[in-house]
Amino acid sequence: MVAIIHKRSWRDFDWILALLAIGIVLFGTIQIRNAQPTETYWVKQLIGLSIGLVAMLAIAFTDYRRLLNLAPAFYIFGLILLIIVLIPGIGLRINGQQAWIRVPGIGQFQPSEFVKVTTAMMLARYFGKNRVQPLTLKETIVGGLILALPIGLILLEPDVGSVLTYFPILAVVLFLSAIKMRLVIASVLIAVVMIPAAYWLGVRTGMVKGYQQERINVILDPENADRRRIGYHTWQSILTVGEGGLFGSRSSVEHSQSGLKFLPEPHTDFIYAVTAENSGFVGCVLVLLAYVILLSRLITGARRASDRMGMLVIMAVVGGLAFQIFINIGMALGISPVIGVPLPLMSAGLASLIATFIAIGFAISVQLRRFVN
Amino acid sequence: MKFEDTSQNLRARLRFVQAMVVLLLGVLSVRLYVLQVVRGERYAEIAENQRRRRLPIPAPRGLILDREGRVLVSSRPIYNVIMSREDVKVKDLISLIDPLAEGLSLDRDILRDYFELVKTMPAFESILVKQDATPGDIAWVEAHNLEYPELRVEQQPQRTYPPNGSLAHVLGYVGEISPEQLKQQASKDRGLKPGDIIGLSGIEQIYDDYLRGRDGYREVVVDSRGRIQDEIETVAPIPGRDLVTTIDLDIQNAAEEQLQNSVTRRGVIISMDPGNGEIFALASYPTFDPNLFSQRITTKGGRAEYRALLNDPETPLLNRAIQSRYPPGSTWKVPMAIGGLKQGAITLDHSNLVCGGGITIGNKFTRCMGNHGSPDIRTAISRSCDGYFYRLGLKMGIDGIVEMVDEFDLNKRTGIDLPNEVVSWTPSREFKRRMQPRDPEWRDIDTVYASFGQVYDIITPISLLRTIAAVSKNGRMYIPHLLKEVRPVGTEGTTEYRGPVTFQPLDQSRPNPKVIPIPEDINHAVVEGMWSVVNGGGTGARIQMAGFDIAGKTGTAQVVRLGKDVGKNKDHSWFVSYAPAYKPEVAMVALIENSGFGGHHAAPAVRAIYDVYYRKTRNEEPPGAVQQIAKKQKTTATPLAETQQQAVVNQ
């Protein structure tokens, strides 16, 4: 039995997906080293890669259905982690956010990244039953509650950026769980109309304060916004990206935007700007292409899944990753606000890296078992 | 898809998600194209600029020396605390006031004023926080490098001027270029930049381009907090050139001493070589300390000192030699005599005119201070007969006087190489129209006034000296100047070599010398008159030096009308002269404000300076020096005798 699985496993194993992910991480590691040549983040990233690969293989060769049956246990374990991080003395406070747990030997670990996977598992488990009817209100509420628990705990840290990345997970799961199309269209329309209207009203009534308006202005017109304070990150990132030009900047690493610390958080939030500075438009587009192929492979995997639960767990992951990629790169390019969201597979950070590999592990596991019944 | 049922159209929904993914990442790549390809070059330049910093290395300013190579102005290295503008946000500037005032013991109010000013001038890259920092200040800056990385210590040369305000009006002073000056096109042409120290007055201003040199710089790479990370290139400064003035420090000191010991301590003494216009001494009193501007102006005490100077009723900042106009009194008779003879109003053979104790024009009698009978031109000069010159003026007419004024350039600037020289006021029909619009017609009485150095004759001491110097040289009139030589730099023959620079008229079109065609016999007659003033029992007889004949003319310039000329409204005392009378080496003018009769105050002051000149050039005691001192003591001891004498001898 084991031998048969193995033989078939190696044939059906999604090599492209795994190698693409590894490739992005290695390329990212080079950029982390460029961003912080004097620090050891890049070494930690390689350690994270090894751990991630082990986790990915372990999950890929485990039946995802068995894992998803245990989803409530993982989900509760995740919530416990989110509670632990809030305990003073254990949780690490950085930039006013108590979002990290110190792990001896490898540094710190951000549970909210990891909990995304357990939340996605829980959602897949709940919505994964065979479906004959459109989505009911009760199901929607339960889905909302599954999301609300971890989000509530993360808001206590507080880490608004992380919270935002949870919503697309639920949105994709609901969308693929036969939510009525007219509800989708209605909510999109309401958002398109209401958000600018609310902003306009807020400015008029003074509910939206000056500095909040300034944050919006930074995105609308970064060159003329307050480049020294609120707009500093965005402006410096735009300069860094622009300096990359077509093939990458000519200035040395020591004289780069990150080397001289003009670009803040170069190895995490703004790793894409560093990439842009070093490898130019060509490198940047290749990275985008790599992400498109990676996400497409995942979606293909979801399409081939043998059951709804498998499809949902992959697509929940896709939703989370795609949103995070868009927000993070958009931040580097000055079209989305600066919120601390890591770029999956590229930003330095253990939890994000390992969680992404676990998610990919699920996708591979689903694919490996597409003919098994 | 095995679990699919038609009600969900799941396949379409998955394709929709995939399309969304491609769309979103497509948006990103369009944005990337805009940032990197379309605007890449511009952003690269901005990024480059924000990490490059050009730190100036100030060029040492050239020395200023006297004609014998004695140092008048030098520079000593001081340390300044500078704040890099790039690294301080505008709002933070104000929050820095307290810690800076505390740490560097500065005045909060001055700092606040300065920062407020700087805020409005984004061009200022470096902000001077503290000048002449003490070792303690430097230690503080270094100790707080992490907290305030925008602070740095720079070495800079600081100007040191002679003490007690000596030569202040000649040398001028330096200071930071003002925002107004920066806006001028001339400043841009000269490559001046914010924060530059430039000459703001005197020789420092006129010859700034030679003295200043060219600043060097260090081009460095800084990090986001302004800490220097790397050095790209260093360009060494080109030091300013040393400048030798025509000033003779011995004569200058003597002149200043005379003014300091004068009755009112207000006045001017200028000494000049009539043969080329080189100025040996130029003293204006009261004076000020130029070190105030180069050293203390950024301190609270310095500001107060400057305000006090500006508000001082005795106007110490004014260079009286070139910026004040005075009625020349009887000294005016010298150019009048030349003009009258040249124009043929009188002839040498028939130069006698009646004194008459004065003259009556219409119903107005203008008196002479004595009765001199019918003197010839020599006697009229030596006794300073007003009556004679009233009549000479009437013979010349206003047009004759204007012609004389024009020939002696009295209606122009002398062209001295100092800034802000004013033009004298001289008689003319237009002048009267301007002065008395109710009675614009020029009348004979006006001609009388214009003839004896009052009312319409209001001139600068330097222009009067130039006139007398021209008479001494038979009409060769040089432009007075202070530059002897800008010293050469480098070795001859190499490209860095810059040859010596000597004085050139600032106005290139002016001849130097201007030659006034004065027939020799006419000139001789006037010189004889001036010789007699001192050597022939004239109004300046008391300063006679045997064997070193001084030719001169006293003058007493009325400040208010007769009878009220006491106390602070006393007449100005003039003496203008040169020596030796028939082989001129040196010309001098002295004016003591509100001191009274010229022969009593200005002449002895001049004599004391001739003594110094004599000792220097002849290497022996000047003749009559001892009696001179005795006389001086006598006059100061008996002020009553002085007034009596004044009434008798007159001008």
Fill in: Pairs with Cβ under 8 Å, 6+ apart, first in the stretch B:541-557 and part of a loop (DSSP other than H, G, I, E, B), second basic (Lys, Arg)
B:MET545/B:ARG607; B:PHE548/B:ARG618; B:ILE550/B:ARG607
Worksheet item: Counting only residues that are more than 9 Å from chain B (Cβ to nearest Cβ) and in a loop (DSSP other than H, G, I, E, B), which one in the stretch A:325-337 is nearest to B:MET20 (Cα to Cα)?
Response: A:SER336
Worksheet entry | Members of the stretch B:146-195 that are closer than 27 Å to B:GLN229 by Cβ and out of contact with any Lys or Arg (no Cβ under 8 Å at 6 or more places or on another chain) | B:LEU146, B:GLU147, B:TYR148, B:LEU151, B:ARG152, B:VAL153, B:GLU154, B:GLN155, B:GLN156, B:LYS193, B:PRO194, B:GLY195
Item to complete: Among the residues of the stretch B:15-40, write down those that are within 7 Å of chain A (Cβ to nearest Cβ) and either at positive phi or not β-branched (Val, Ile, Thr) (or both).
Response: B:GLN18, B:LEU24, B:LEU25, B:LEU28, B:SER29, B:ARG31, B:LEU32, B:TYR33, B:LEU35, B:GLN36, B:ARG39, B:GLY40
Fill in: Looking only at the stretch B:347-375, and only at residues there that are charged (D, E, K, R) and touching a residue at least 12 places away in the same chain (Cβ under 8 Å), the one that is nearest to B:ALA557 (Cα to Cα)
B:ARG367
Worksheet item: Which residues, counting only those in the stretch A:98-134, are within 14 Å of another protein chain (Cβ to nearest Cβ) and surrounded by fewer than 20 Cβ atoms within 10 Å (Cβ to Cβ)?
Response: A:LYS129, A:ASN130, A:ARG131, A:VAL132, A:GLN133, A:PRO134
Fill in: Matching option when the condition is surrounded by fewer than 18 Cβ atoms within 10 Å (Cβ to Cβ), within 12 Å of chain A (Cβ to nearest Cβ) and touching a residue at least 12 places away in the same chain (Cβ under 8 Å), among B:ARG70, B:ARG52
B:ARG52
Fill in: One residue from A:ALA363, A:ALA351 being in a helix (DSSP H, G or I), away from every other protein chain (no Cβ under 12 Å), under 14 Å from the mean Cα position of the chain (by Cα) and not basic (Lys, Arg)
A:ALA351
Worksheet item: Out of (1) touching a helix residue (DSSP H, G or I) at 6+ places or on another chain (Cβ under 7 Å); (2) within 21 Å of B:GLY26 (Cα to Cα); (3) facing chain B (nearest Cβ under 10 Å); (4) surrounded by fewer than 24 Cβ atoms within 10 Å (Cβ to Cβ), what's the single condition that is false for A:ILE293?
Response: (3)
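Out of the residues in the stretch B:177-206 meeting the condition of being of a type outside the set (Val, Ile, Thr) and touching a strand residue (DSSP E or B) at 6+ places or on another chain (Cβ under 6 Å), tell me which one is nearest to B:PHE115 (Cα to Cα). Let's see the steps before the verdict.
Residues of the stretch B:177-206 of a type outside the set (Val, Ile, Thr): B:178-196, B:199-202, B:204-205.
Add one more test, that the residue is touching a strand residue (DSSP E or B) at 6+ places or on another chain (Cβ under 6 Å), and what stays is B:195, B:199-200, B:204-205.
Details: B:GLY195: 14, B:GLY199: 24, B:LEU200: 23, B:GLU204: 28, B:GLN205: 27 Å.
Among residues in the stretch B:177-206 that are of a type outside the set (Val, Ile, Thr) and touching a strand residue (DSSP E or B) at 6+ places or on another chain (Cβ under 6 Å), the one nearest to B:PHE115 (Cα to Cα) is B:GLY195.
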Fill in: Extreme residue, surrounded by the most Cβ atoms within 10 Å (Cβ to Cβ), among residues of the stretch A:174-202 that are of a type in the set (Gly, Ala, Ser) and within 11 Å of chain B (Cβ to nearest Cβ)
A:SER177
Discussion item. Are there helices (runs of 4 or more DSSP H) fully within the stretch B:235-337 with at least 1 residues that are over 30 Å from B:ASN80 (Cβ atoms)? List them.
Written reply: B:249-260, B:320-323
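So that you can scan it fast, the table gives a plain yes or no per residue for (1) on the phi < 0 side of the Ramachandran plot; (2) in a loop (DSSP other than H, G, I, E, B); (3) small (Gly, Ala, Ser):
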position: B:THR467; (1), (2), (3): yes, no, no
position: B:ASN474; (1), (2), (3): no, yes, no
position: B:GLU485; (1), (2), (3): yes, no, no
position: B:THR491; (1), (2), (3): yes, yes, no
position: B:GLU496; (1), (2), (3): yes, yes, no
position: B:GLN504; (1), (2), (3): yes, yes, no
position: B:ASP507; (1), (2), (3): yes, yes, no
position: B:GLU528; (1), (2), (3): yes, no, no
Worksheet entry | When residues of the stretch A:296-324 are limited to those that are at the interface with chain B (Cβ under 7 Å from one of its Cβ atoms) and outside any helix (DSSP H, G or I), the one surrounded by the most Cβ atoms within 10 Å (Cβ to Cβ) | A:ASP307
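Has the stretch A:229-237 got any residue that is among the aliphatic types (A, V, I, L, M) and touching a residue at least 12 places away in the same chain (Cβ under 8 Å)?
At the first step, the residues of the stretch A:229-237 found to be among the aliphatic types (A, V, I, L, M) are A:230.
Narrowing the set further to residues that are touching a residue at least 12 places away in the same chain (Cβ under 8 Å) leaves A:230.
Within the stretch A:229-237, one or more residues are among the aliphatic types (A, V, I, L, M) and touching a residue at least 12 places away in the same chain (Cβ under 8 Å).
Can you tell me which of A:SER258, A:SER251 is in a loop (DSSP other than H, G, I, E, B), more than 9 Å from chain B (Cβ to nearest Cβ) and either more than 29 Å from A:GLN110 (Cβ to Cβ) or at pLDDT below 90 (or both)? Before you say what the answer is, go through the steps one by one.
Details: A:SER251 fails: more than 9 Å from chain B (Cβ to nearest Cβ).
Unique residue meeting the criteria: A:SER258.
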Fill in: Counted residues, the stretch B:213-225 - those being within 22 Å of B:PRO488 (Cβ to Cβ) and touching an Asp or Glu at 6+ places or on another chain (Cβ under 8 Å)
1
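For the stretch B:200-232, which positions are over 26 Å from the mean Cα position of the chain (by Cα) and away from chain A (no Cβ under 14 Å)? Outline the logic, then answer.
To start, the set of residues in the stretch B:200-232 that are over 26 Å from the mean Cα position of the chain (by Cα) comprises B:216-232.
The answer is B:GLY216, B:TYR217, B:ARG218.
Just need a number here: residues in the stretch B:108-165 that are of a type outside the set (Ser, Thr, Tyr) and in a strand (DSSP E or B). Outline the logic, then answer.
To start, the set of residues in the stretch B:108-165 that are of a type outside the set (Ser, Thr, Tyr) comprises B:108-113, B:115-119, B:121-125, B:127-133, B:135-147, B:149-159, B:162-165.
Of the ones still in play, those that are also in a strand (DSSP E or B) are B:127-130, B:151-159.
Counting residues in the stretch B:108-165 that are of a type outside the set (Ser, Thr, Tyr) and in a strand (DSSP E or B) gives 13.
Conditions (1) touching a residue at least 40 places away in the same chain (Cβ under 8 Å); (2) within 30 Å of B:THR315 (Cβ to Cβ), marked per residue:
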| site | (1), (2) |
| --- | --- |
| B:GLU150 | yes, no |
| B:PRO157 | yes, no |
| B:THR160 | yes, yes |
| B:GLY175 | yes, yes |
| B:PRO179 | yes, yes |
| B:GLN184 | no, yes |
Discussion item. Which numbered condition in (1) more than 10 Å from every other protein chain (Cβ to nearest Cβ); (2) not in a loop (DSSP other than H, G, I, E, B) is the only one that A:TYR272 fails?
Written reply: (1)
Response to the item:
Only one of (1) farther than 30 Å from B:ARG227 by Cα; (2) surrounded by fewer than 24 Cβ atoms within 10 Å (Cβ to Cβ); (3) more than 9 Å from chain B (Cβ to nearest Cβ) does not apply to A:GLY340, and that is (1)
Item to complete: Among the residues of the stretch B:86-129, write down those that are in contact with an Asp or Glu (Cβ under 6 Å, 6 or more places away or on another chain) and at pLDDT 80 or above.
Response: B:LEU104
Worksheet item: Across the stretch B:356-394, what is the total count of residues that are in contact with a helix residue (DSSP H, G or I) (Cβ under 7 Å, 6 or more places away or on another chain) and part of a helix (DSSP H, G or I)?
Response: 11
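The values are calculated or read from the model by the stated rules, or taken from the named source; none is laboratory data. The structure displayed is predicted, hence computed values, not measured ones. Glycine gets a Cβ as well: all are built from the backbone with ideal geometry, and neighbour counts include every protein chain shown.
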